[in-house]
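Participant: One structure, pasted below without further comment.
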Ligand SMILES: Cc1ncc(COP(=O)(O)O)c(C=O)c1O
């Protein structure tokens, strides 16, 4: 008997995304390096995949804190203190370390208060629908992160009107706001850093627009946390000098190398968000052992050591950017530690990624649908704990790829 679950799986295999992925896997079975299982990590940025040792240039742990003995020790201490899990939604109980971490995040960010969720995705999924009602509107940048787009769909299901404006386009946003009136209040939802392109939004213009139009600026700064702004507090405060009428979302995973996401908000929203965010009320929290590690990272961010760490990262990033240009390849990004080398055709992009892997360097080969069709890129992430030798090794291997590129794709 064919069960409904089988017919469902079969129907889903026929959706365009699945057909595209399967087609790719069939065309490039040896090149398609997705879904890899890593056997071993460390020391430093080394990792072992299928008995093959590679240097990882695909890690979001930009400052290398995932390997820092102080962070690891704090995590062990957290396990001894709290066990592996606190066993209830925070709507009932929170461990004291969670509350302390929120206070310390707010002090570091310079917001009145902060609330931690288990990820940035769940921050957006909880806070965005929680902040609006059927009387309100959301204006969302067309390139805002997928988790923001998905959160606006939940809000829309609750009756909020959702409008998309052209990427970073102040005039289009202004026109959308005028067309959408009347509304009671609105959210303008954007990324603090667009990680695929490395672009920043025009924060000042968006902020002024929000103040004039009964709107609140909601900035997902996941990629700015830890690597941009003074003491790594992200792009917002350094650009605006205030959080007045702004909600600042950040990541405790990526550069923080711990676990979770947060929203920096005024005191008057702290309790409201706790009650109105479904992902907070109906889901579990960050495992409690992480909070001592989060506090340790905050100690590092707020000390003079942070300047040394960020300098190391900047040096590595500059070394990579200069080196890639010197071998005649184009490179996008460089403001954050994520660089993209445009390759173009999907097969060429996958082939380049597989070649680097064989030579001992892991970078991500990004192809459609994550980027436009035939707009494949090699995505390279600089980390503060990459060594000069590792970077030179990667550049040497990229030079071999550059030698194979047609003239037109060189910088
Ligand atoms: C802007 C932005 N928001 C959210 C996320 C998702 O973060 P998390 O893995 O914590 O859910 C990412 C991940 O890359 C991101 O770039």
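Participant: When the stretch 22-50 is examined, which residues are found to be assigned to a loop (DSSP other than H, G, I, E, B) and touching a strand residue (DSSP E or B) at 6+ places or on another chain (Cβ under 6 Å)?
Facilitator: 36, 45
Residue by residue, here is whether (1) surrounded by 24 or more Cβ atoms within 10 Å (Cβ to Cβ); (2) within 16 Å of the ligand (Cβ to nearest atom); (3) at pLDDT 95 or above; (4) more than 18 Å from residue 260 (Cβ to Cβ) holds:
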| position | (1), (2), (3), (4) |
| --- | --- |
| 110 | no, no, yes, yes |
| 116 | yes, yes, yes, no |
| 123 | yes, yes, yes, no |
| 126 | yes, yes, yes, no |
| 139 | yes, no, yes, yes |
| 142 | no, yes, yes, yes |
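Participant: Now a separate question. Does the stretch 258-275 hold any residues that are over 19 Å from residue 219 (Cα atoms) and buried (at least 23 other Cβ atoms within 10 Å of the Cβ), and which are they?
Facilitator: 258, the sole residue that qualifies.
Participant: Can you give me the number of residues within the stretch 60-116 that are more than 15 Å from residue 294 (Cα to Cα) and in a helix (DSSP H, G or I)?
Facilitator: Looking only at that region, the number is 1.
Residue-by-condition table, conditions (1) outside the structural domain of residue 226 (by TED's automatic domain parsing); (2) closer than 17 Å to residue 217 by Cβ; (3) within 21 Å of the chain's Cα centre (by Cα):
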residue: 71; (1), (2), (3): no, no, yes
residue: 81; (1), (2), (3): no, no, no
residue: 90; (1), (2), (3): no, no, no
residue: 102; (1), (2), (3): no, no, yes
residue: 112; (1), (2), (3): no, yes, no
residue: 126; (1), (2), (3): no, no, yes
residue: 131; (1), (2), (3): no, yes, no
residue: 141; (1), (2), (3): no, yes, yes
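Participant: Return the residue satisfying two criteria in turn: it lies in the stretch 144-176 and is in a loop (DSSP other than H, G, I, E, B), on the phi < 0 side of the Ramachandran plot and within 16 Å of the ligand (Cβ to nearest atom), and of such residues it is surrounded by the fewest Cβ atoms within 10 Å (Cβ to Cβ).
Facilitator: Among those residues, the one meeting the criterion is 167.
Participant: Looking at the stretch 114-130, I want the residues that are touching a residue at least 24 places away in the same chain (Cβ under 8 Å) and over 22 Å from residue 267 (Cβ atoms) and have a partner that is in a helix (DSSP H, G or I) and within 8 Å of the ligand (Cβ to nearest atom) with Cβ atoms under 6 Å, at least 6 apart or on another chain. Which pairs are those?
Facilitator: Cβ pairs passing all conditions: 121/147.
Participant: Kindly establish whether residue 207 is surrounded by fewer than 16 Cβ atoms within 10 Å (Cβ to Cβ) and either within 16 Å of the ligand (Cβ to nearest atom) or in contact (Cβ under 8 Å) with a residue 24 or more places away in the chain (or both).
Facilitator: So residue 207 does not fit the description; no.
Participant: Need a quick list: helices (runs of 4 or more DSSP H) entirely within the stretch 217-292 having at least 3 residues that are within 25 Å of residue 93 (Cβ to Cβ) and more than 13 Å from the ligand (Cβ to nearest atom).
Facilitator: The helices (runs of 4 or more DSSP H) meeting that bar are 267-276, 278-281.
The values are calculated or read from the model by the stated rules, or taken from the named source; none is laboratory data. Computed from a prediction, not measured in an experiment: that's the story for all the values here. We place every Cβ from the backbone using ideal geometry, glycine too, and count neighbours over all the protein chains shown.
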